[in-house]
Amino acid sequence: MAEGGNIDPASSSRRLNLSNEDLDKIECASPTEEDTSPIDHQASDGDLEEMEKIRQFFAQKLNLGSASNESLKVLETVDFDGVMKYIRDGCCKSVVTMAGAGMSTSAGIPDFRSPGSGLYDNLGKYDLPRPEAVFDISFFEKNPQPFFDLARQLYPSELKPTICHRFIRLLEQKGLLLRHYTQNIDTLERAAGVSDERIVEAHGTFHTSHCTGCRQRYDQQWMKDQIFSEDVPKCESCGAVVKPDIVFFGENLPSRFFRLVQDDLKKCDLLIIFGTSLAVQPFASLVDRVPDTCPRLLVNKEKCGRPNLLMRMMGQSGLEFDSSSNYRDVAWLGTCDDGAVAMAAALGWQEELRRLQGEDGARPEEAA
């Protein structure tokens, strides 16, 4: 150590067997001040490429990386076929699924952020301070009307699960589903027949509601009737506003989420992620909480889950589809329904999925 407690670069380089040429490589690969992004900014392709160079350099010098990853690899091939073979071979018994809005869009439920068609783009008439205020608990307490007007758009006239929701139920019937974590509040997993025990509604649900005053509980049908009556739902006992049990900004996630996530993610031996941008915390962080040997399959219209710079600094790796050291992350690009059908076909489950989809009157060929 040099005086003042600072590390002596020369002695450090000797311990790591770094030459001057090595140090030059690190300097060239390090981001400059101009490259620095805000902590909430998604890392660019250039940022990730430079970080990957640094990682590979130290992996080579410290004998880390490829050899270590090779020992963690459980997939014969790091692609969709490799994940399907992993399932067919009986290598996983505790599958955890994660779902976002993309799982429900084919059921007629719009998402929030799509330009032009997303719900946030259609809230101008409410003169909100920002679109997200419609889900802010402090704003709701002052003016609940915009939320219930929006709820009429959110609420499907008929709760009809998608093929992907049925696939989650099929995973449960096969004895593979440990837990289904969803950001959605539409209750379509329940309508598909997934058991309450297997569902964790991380952002709450319309399944139940409570009076904001006396806490009297109301069921889903009561709330649906109130929403479509175009009145703000009021408690039959005390007259206070009745709020669906969904999580607003400014409220804590359900205690069940925190209670189960600890053990579930430790046991997980396959993580399947459906239709989410992985942009909202703490839900997005679940991908980093599974064991290092756990394969992770993303079914989404585009790749997501790449870590931003802050996540990198905190040791969160995110999903590393395009990294040279990737040994477990696979992306299947397309709709959730098409992904579910592709998985069923690869696993030989087509007929079973057809039967489940036909339960609510859908034509069997829709699940083909």
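Here is how the numbers come out for the structure above:
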read-out: Evaluation of Trp222 against (1) surrounded by fewer than 21 Cβ atoms within 10 Å (Cβ to Cβ); (2) touching a residue at least 24 places away in the same chain (Cβ under 8 Å); (3) more than 25 Å from the chain's Cα centre (by Cα); (4) outside any loop (DSSP other than H, G, I, E, B) (one fails), failing number; value: (2)
read-out: Residue in segment 212-225 that is under 28 Å from Ser277 (Cα atoms) and hydroxyl-bearing (Ser, Thr, Tyr) present; value: no
read-out: All positions within segment 128-185 that are in a loop (DSSP other than H, G, I, E, B) and among the small types (Gly, Ala, Ser); value: Ser157, Gly175
read-out: Some residue of segment 61-72 being at pLDDT below 60, of a type in the set (D, E, K, R) and farther than 17 Å from Phe167 by Cβ; value: yes
read-out: Which numbered condition Asp338 fails, given (1) under 22 Å from Asp79 (Cβ atoms); (2) in contact (Cβ under 8 Å) with a residue 24 or more places away in the chain; value: (2)
read-out: Count of segment 342-357 residues which are open to solvent by less than 20 Å² (accessible area, probe 1.4 Å) and of a type outside the set (A, V, I, L, M); value: 1
read-out: Any strands (runs of 3 or more DSSP E) falling wholly within segment 234-341 and containing at least 1 residues that are over 23 Å from Cys164 (Cβ atoms) and open to solvent by less than 40 Å² (accessible area, probe 1.4 Å); value: 242-246
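The values are calculated or read from the model by the stated rules, or taken from the named source; none is laboratory data. Note that this is a predicted model, so its numbers are computed, not measured. For neighbour counting, all protein chains shown are included, and Cβ atoms are generated from backbone atoms with ideal geometry for every residue, glycine included. Ligands, DNA and RNA are stripped out before the accessible areas are found, and what is left, the full protein with its side chains, is counted by its heavy atoms. Shrake-Rupley method; radii C 1.70, N 1.55, O 1.52, S 1.80 Å.
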